[in-house]
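Q: Just passing along the structure, written as structure tokens.
The values are calculated or read from the model by the stated rules, or taken from the named source; none is laboratory data. Bear in mind that the values here come from a model prediction, so they are computed numbers and not experimental data. Reconstructed Cβ throughout: ideal geometry from the backbone, glycine too, with neighbour counts over all protein chains shown.
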Amino acid sequence: DGGITQSPKYLFRKEGQNVTLSCEQNLNHDAMYWYRQDPGQGLRLIYYSQIVNDFQKGDIAEGYSVSREKKESFPLTVTSAQKNPTAFYLCASRSLSSLGGYTFGSGTRLTVV
Amino acid sequence: KNEVEQSPQNLTAQEGEFITINCSYSVGISALHWLQQHPGGGIVSLFMLSSGKKKHGRLIATINIQEKHSSLHITASHPRDSAVYICAVFDTDKLIFGTGTRLQVFP
């Protein structure tokens, strides 16, 4: 079945360490997105990519980095520069030829101690 | 003021009740999504609509473009419907999310 796979589901890291969250899709979707979810807030866009080897900053990109070397993969690195990294991170994708039509992953809950 | 407002924030119901969740938005949109987030965190897309009404099983979504308002209805609610329901609007090239409505349905 086609879908988005995020791994791991839970991640613990020490403060000051970089950590990379994985997002893989086999839907042949052009665009991929990373969102952050905090309690009581709507999902906020971190980065997105509409084509391989190209990506754009979202609303809260500071302290994060991404790459899009393959169409299927869009990993997110949470760097030590991110002041408050503990959050729930969601990856999504969509085909640019369809209006909307997002598919979401199951998320990664990152806890920095 | 948030661009996407949902009400209520929290909702409890007895099994079998009819549920309505509302979403109002202030931006121009090309589509509106209703999403369901279960306690594990994963999100499932329930509906994408740009006009009128859609129905899937016990779920019904409506949108009024002129009034910038959408509703999600659940008929004959069941405890398995307990989740957070999120409204998101598609503006140009990105989604703008509401903060969600937490629904708990008790047997």
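Q: Could you look through segment B:1-33, keep only residues that are within 13 Å of another protein chain (Cβ to nearest Cβ) and among the hydroxyl-bearing types (Ser, Thr, Tyr), and pick out the one that is surrounded by the most Cβ atoms within 10 Å (Cβ to Cβ)?
A: B:Tyr25
The rows are residues; the columns are (1) of a type in the set (Val, Ile, Thr); (2) farther than 23 Å from B:Thr101 by Cα.
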{"site": "A:Val19", "(1), (2)": "yes, yes"}
{"site": "A:Pro39", "(1), (2)": "no, no"}
{"site": "A:Val66", "(1), (2)": "yes, yes"}
{"site": "A:Phe74", "(1), (2)": "no, yes"}
{"site": "A:Thr77", "(1), (2)": "yes, yes"}
{"site": "A:Asn84", "(1), (2)": "no, yes"}
{"site": "A:Ser95", "(1), (2)": "no, yes"}
{"site": "A:Gly105", "(1), (2)": "no, no"}
{"site": "A:Thr108", "(1), (2)": "yes, no"}
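Q: For segment A:74-85, give me each residue that is surrounded by fewer than 16 Cβ atoms within 10 Å (Cβ to Cβ) and either at pLDDT 95 or above or of a type in the set (A, V, I, L, M, F, W, C) (or both). Step through it out loud before you land on a result.
A: Quick first cut of segment A:74-85, residues surrounded by fewer than 16 Cβ atoms within 10 Å (Cβ to Cβ) only: A:77, A:79-81, A:83-84.
Within segment A:74-85, A:Thr77, A:Ala81 meet the criteria.
Q: Restricting the first residue to segment B:17-34 and requiring it to be modelled with pLDDT of 95 or more and in a strand (DSSP E or B), which pairs with a second residue that is hydroxyl-bearing (Ser, Thr, Tyr) and buried (at least 19 other Cβ atoms within 10 Å of the Cβ) meet a Cβ separation below 6 Å and a spacing of at least six or different chains?
A: The qualifying pairs are B:Ile19/B:Ser77; B:Ile21/B:Tyr85; B:Ile21/B:Thr101; B:Cys23/B:Ser70.
Q: Another question, if that's okay. How many residues does segment B:89-107 contain that are more than 8 Å from chain A (Cβ to nearest Cβ) and either touching a strand residue (DSSP E or B) at 6+ places or on another chain (Cβ under 7 Å) or among the basic types (Lys, Arg) (or both)?
A: Result for segment B:89-107: 7.
Q: Tell me, which strands (runs of 3 or more DSSP E) lie completely within segment B:46-107 with 3 or more residues that are at pLDDT 95 or above and surrounded by fewer than 21 Cβ atoms within 10 Å (Cβ to Cβ)?
A: In segment B:46-107, the matching strands (runs of 3 or more DSSP E) lie at B:52-56, B:59-64, B:69-74, B:101-106.
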